[in-house]
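The values are calculated or read from the model by the stated rules, or taken from the named source; none is laboratory data. Computed from a predicted structure; not experimentally measured. No Cβ is skipped: glycine too gets one built from the backbone with ideal geometry, and neighbour counts run over all protein chains shown.
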Amino acid sequence: MRASRFFISTLKEAPSDAEIVSHQLMMRAGMIKRLGSGIYTYMPTGLRIIRKVEAIIRDEMNKAGGIEMLMPLVQPAELWQETGRWDKMGPELMRVKDRHGREYAIQPTSEEVITDVVRSEIKSYRQLPLNFYHIQTKFRDERRPRFGLMRGREFTMKDAYSFDRDEAGLKASYKIMFDAYVAIFNRFGLKFRAVAADNGAIGGSGSHEFHVIASTGEDAIVYCPTSDYAANMEAAEALPLAASRAAAGAALTKVATPGTTKCETVAEFLKLPLAQTVKTVALTVEKEVDGKQLKQYFMLLIRGDHELNEVKVGKVPGLAAHRFSTEAEILEVYGSIPGYLGPIGTKLPVTVVADRTVANMADFVCGANEEGFHYTGANWGRDLAEPLVADLRNVVEGDASPDGKGVLAIERGIEVGHVFQLGTSYSESMKATFLDENGKPATLQMGCYGIGVTRILGAAIEQNYDDKGIIWPAAIAPFEVVLCPMGMDRSEMVKTEVESLYAALQAAGVDVIVDDRGLRPGAMFADWELIGVPHRVVIGERGLKEGNLEYQGRRDTEATAVPLAGMVDFIKGKLAQ
């Protein structure tokens, strides 16, 4: 490739609406161009990176037995209605009507379509296992698109779907895909971590997320440095901080705490540790019984210095459809305003659910259900009934690892891949069955495996950049090597050596570009440092007369003189590292 025949358009300053580093640098490097809110045109340099990402994914998916197909972007509403997701997905699902008034979804994912394909094509256990994948445009109508490709509305995703005859087969397919993902992210050249995760809106049972490690990441990743334990914050198990409950050592006392509606101010007012306080979260669950709308009230208790994990709350029996109680409900049930609620002396019956740590606390402080008052010296069994116990909180750094092999650490990450064991959550609702060895119908076991192709670009930049620009790993860089000639239009010697080296690198399979635009060295170097090409070779008369070329890696602070005759092997060695 020659720069004069390519399209390079860089900016000195990022647009004002570019919020994070990856967005700013991609805009400045001319890799993307904003068309609308969360919608981008991929410019030639950016598209080259996307195609390299896709090529690695395809190669590893094919090695793992995946079969490529292509499913439509626009999907009939009837399929989504079969699984109930037409209503469940909410406003993120973009819905359109054709000229006949028929409803369609612009796909955010393709579980319904692939299940429809398979239920009409797969008849016998002899056709299993199968794994279909495609790389396709997706659309999710984000409420607030931001961060460029990191949270756009239109994006490219690789999604794959496995089909097996039983759970054992599903687990085997899942393991194959998990290993393929590890190989894919290793080939990208990115630092990443696979973590246990919650399935969320996709449904099913076990799942893992793949996160690119970056200090700017939106997600907290929990891991144990001395073991293999890793999970995202939503799924990380929080063990009780005390193995057992101490005996009561203080009398229950109602004390005045005027103007203290937060645990922090209560602890400060009472001159007690924050860890001795308990905060209350009031929830309501509504359900219809015999045509009547009934309400059930729940009180969640977590230690004052801990944070509630709402995903875990939804897994507590009876709380799948919970909502936060209204102020009117709180006054009716507790007889007090928020900030003074507690498990002792509620006006109406309340189901109390305590976090594991709270269940093992003694002599704790809680609200007295009266404005301006709290109880000190509260104890389970003596002052109030034993609660239901559940894991309700986010873990914190230094907590014991659930596998018993150390303590937990937390780092930031950007989710770029997710693998799910769906089980029968889609095949059952869509009646996707096959005939087993006994000739009887059985429900297909499904797995689902996604990678955010365009999101990889943003994540890679968030992990790899400096004050000059992007630093691409060689495997997904727009070009592996850039040749920067000094005065090529004025020096026949430079021109001859540039053409010779260019041809030799191409013959060696190196993805190389020659900057023949005639720019001054400073402007030329600045462009390629911004774009992030990992290897640069400068060809000038002075070096040639000494038999040398000048090499500088994108992370190097200084250039290195390399003999002209050995440059091709030198570059090949660098690329092989």
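Considering ILE344, ILE302, the condition of being modelled with pLDDT of 95 or more, of a type in the set (Val, Ile, Thr) and under 22 Å from GLY259 (Cβ atoms) is satisfied by ILE344 alone.
Residues in the range 456-505 that are surrounded by fewer than 21 Cβ atoms within 10 Å (Cβ to Cβ), farther than 27 Å from MET26 by Cβ and not hydrophobic (A, V, I, L, M, F, W, C): GLY487, ASP489, ARG490, SER491, GLU492, LYS495, THR496, GLU499, SER500. Every condition in (1) over 30 Å from the mean Cα position of the chain (by Cα); (2) not in a loop (DSSP other than H, G, I, E, B) is met by GLU371 except one, and the failing one is (2). Of the candidates LYS405, LYS431, the single residue that is of a type outside the set (Ser, Thr, Tyr) and more than 30 Å from ALA246 (Cβ to Cβ) is LYS431. Taken over the range 302-352, residues that are closer than 22 Å to LEU252 by Cβ and of a type in the set (S, T, N, Q) amount to 3. Among the residues making up the range 248-284, those that are part of a helix (DSSP H, G or I), in contact with a Gly (Cβ under 9 Å, 6 or more places away or on another chain) and not hydrophobic (A, V, I, L, M, F, W, C) are GLU264, THR265, GLN276.
Residues being part of a helix (DSSP H, G or I) and aliphatic (A, V, I, L, M) are represented in the range 311-326 by at least one member.
Could you tell me which residue of the range 145-164 is farthest from LEU25 (Cα to Cα), considering only residues that are out of contact with any Pro (no Cβ under 7 Å at 6 or more places or on another chain) and not in a strand (DSSP E or B)?
Residues of the range 145-164 that are out of contact with any Pro (no Cβ under 7 Å at 6 or more places or on another chain), as a first pass: 145-150, 154-161.
When the remaining residues are screened for being not in a strand (DSSP E or B), the result is 145, 147-150.
Numbers: PRO145: 18, PHE147: 11, GLY148: 10, LEU149: 12, MET150: 13 Å.
In this case the residue turns out to be PRO145.
Within the range 536-551, can one find any residue that is among the acidic types (Asp, Glu) and at pLDDT 95 or above? Scanning the range 536-551 turns up at least one residue that is among the acidic types (Asp, Glu) and at pLDDT 95 or above. Against the criterion of being assigned by TED's automatic domain parsing to the domain that holds HIS134 and either more than 29 Å from GLN81 (Cβ to Cβ) or in contact with a helix residue (DSSP H, G or I) (Cβ under 8 Å, 6 or more places away or on another chain) (or both), ARG455 qualifies.
Taken together, GLY46, GLY65, GLY101 contain a single residue that is part of a loop (DSSP other than H, G, I, E, B) and within 25 Å of ILE451 (Cβ to Cβ), which is GLY65. Checking the range 90-104 against the condition returns no match, with no residue being touching an Asp or Glu at 6+ places or on another chain (Cβ under 7 Å), in contact (Cβ under 8 Å) with a residue 60 or more places away in the chain and surrounded by 12 or more Cβ atoms within 10 Å (Cβ to Cβ).
The test for being of a type in the set (A, V, I, L, M), assigned to a strand (DSSP E or B) and outside the structural domain of TYR229 (by TED's automatic domain parsing) does not hold for VAL396. Of all residues in the range 542-564, those satisfying the criterion of being in a helix (DSSP H, G or I) and surrounded by fewer than 16 Cβ atoms within 10 Å (Cβ to Cβ) are ARG542, LYS545. When restricted to residues that are of a type in the set (S, T, N, Q) and in contact with a helix residue (DSSP H, G or I) (Cβ under 7 Å, 6 or more places away or on another chain), the range 466-523 contains 1. Can you find, within the range 232-266, the residue that is surrounded by the most Cβ atoms within 10 Å (Cβ to Cβ) among those that are among the aliphatic types (A, V, I, L, M) and over 24 Å from ASP391 (Cα atoms)? Checked the range 232-266; the qualifying residue surrounded by the most Cβ atoms within 10 Å (Cβ to Cβ) is VAL266. Scanning the range 174-214 for residues that are among the polar types (S, T, N, Q) and modelled with pLDDT under 95 returns ASN199, SER205, SER207. Listed conditions (1) buried (at least 17 other Cβ atoms within 10 Å of the Cβ); (2) part of a loop (DSSP other than H, G, I, E, B) are all met by LYS347, apart from (1). Inspect the range 382-394 for any residue being surrounded by 15 or more Cβ atoms within 10 Å (Cβ to Cβ), farther than 30 Å from GLY335 by Cα and either aliphatic (A, V, I, L, M) or modelled with pLDDT of 95 or more (or both) and give the result as yes or no. For the range 382-394, residues surrounded by 15 or more Cβ atoms within 10 Å (Cβ to Cβ), farther than 30 Å from GLY335 by Cα and either aliphatic (A, V, I, L, M) or modelled with pLDDT of 95 or more (or both): absent. Out of LEU25, LEU47, LEU79, LEU73, one residue alone is surrounded by 14 or more Cβ atoms within 10 Å (Cβ to Cβ), in contact with a Leu (Cβ under 9 Å, 6 or more places away or on another chain), at pLDDT 95 or above and not basic (Lys, Arg). It is LEU25. Number of residues in the range 521-569 that are closer than 23 Å to LYS52 by Cα and either in contact (Cβ under 8 Å) with a residue 60 or more places away in the chain or in contact with a Phe, Trp or Tyr (Cβ under 7 Å, 6 or more places away or on another chain) (or both) equals 13.
Applying the criterion of at least 1 residues that are over 30 Å from the mean Cα position of the chain (by Cα) to the strands (runs of 3 or more DSSP E) found wholly in the range 408-527 leaves 433-435, 441-443, 481-485, 512-514. Filtering the range 104-138 to residues that are of a type in the set (Gly, Ala, Ser) and assigned to a helix (DSSP H, G or I) leaves only SER120.
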